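**Q** This is the structure, below, for whatever I ask next.
What follows draws every value from the coordinates through simple rules; no lab data is involved. Here the structure is a predicted model, which means the values were calculated and not measured. With ideal geometry, Cβ positions are generated from the backbone for all residues, glycine too; neighbour counts draw on all protein chains shown.
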Amino acid sequence: MLELAKTKEDDVVYDMGCGDGRIVITAVKEFNAKKAVCVEINDERIKETTSNIDKNGVTGRVSIVKGSFFEAPLSEASVLTMFLLPNVNEMLKPKLERELRPGTRIVSHEFEMREWIPKEVVKVEDGNMNHTIYLYIIGENKG
């Protein structure tokens, strides 16, 4: 996802949902992003991510915003990653269009953003499954 977004050192990466923190940690460790933030509401995921941030030595470059995707400020993001269900993607679209600057790259794992035109669609095989990853760019996502 970070590769598809062409993540680089001046990027601020936001991940909608931490999981175990691998996206935000990878963003700063391997892609040298300036900063990475994950938005998470689940306390267990926050604990797991916090532990992984510490283990990976990226404290200060990776942070967690506890709360809802719909309430967290996103305007700082230059790259936004998500692995959310289609109905959540739909509900988030107005917020993304309102808060994200033109040129912001949005990468959605598995689920498209209906009525948006992807800049790129990539199929990825991980040995067991096939995945589809969609890249959208704010300002270039409408027909």
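**Q** Please state the relative contact order of the chain as a whole percent: Cα pairs under 8 Å, 6+ residues apart?
**A** Working: 298 pairs, mean separation 31.3, N = 143.
Reported as a whole number, the value is 22 percent.
**Q** Mind giving me the FRET efficiency for Glu120 and Asn42? R0 is 41 Å, r the Cβ-Cβ distance, nearest 0.05 is fine.
**A** 0.85
**Q** Using only the Cα atoms of region 3-86, build the gyration tensor, take square roots of its eigenvalues as a ≥ b ≥ c, and label the shape rounded, prolate or oblate: rounded if a/c is under 1.5, else prolate if a/b is larger than b/c, else oblate.
**A** Cα axes put region 3-86 in the oblate bin.
**Q** What does the charge add up to near Asp11, with Lys and Arg as +1, Asp and Glu as -1, over the other residues with Cβ less than 10 Å from its Cβ?
**A** It works out to a net charge of +3.
**Q** Here's a follow-up. When the helix-only estimate is applied to the chain (DSSP H runs of n ≥ 4, each -39,500 (n - 2.57), divided by the residue count), what is the mean residue ellipticity at 222 nm, nearest 500 deg cm²/dmol?
**A** Computed mean residue ellipticity for the chain: -7500 deg cm²/dmol.
**Q** Cα centroid distance between region 113-141 and region 1-72, in Å?
**A** Region 113-141 and region 1-72 have Cα centres separated by 20 Å.
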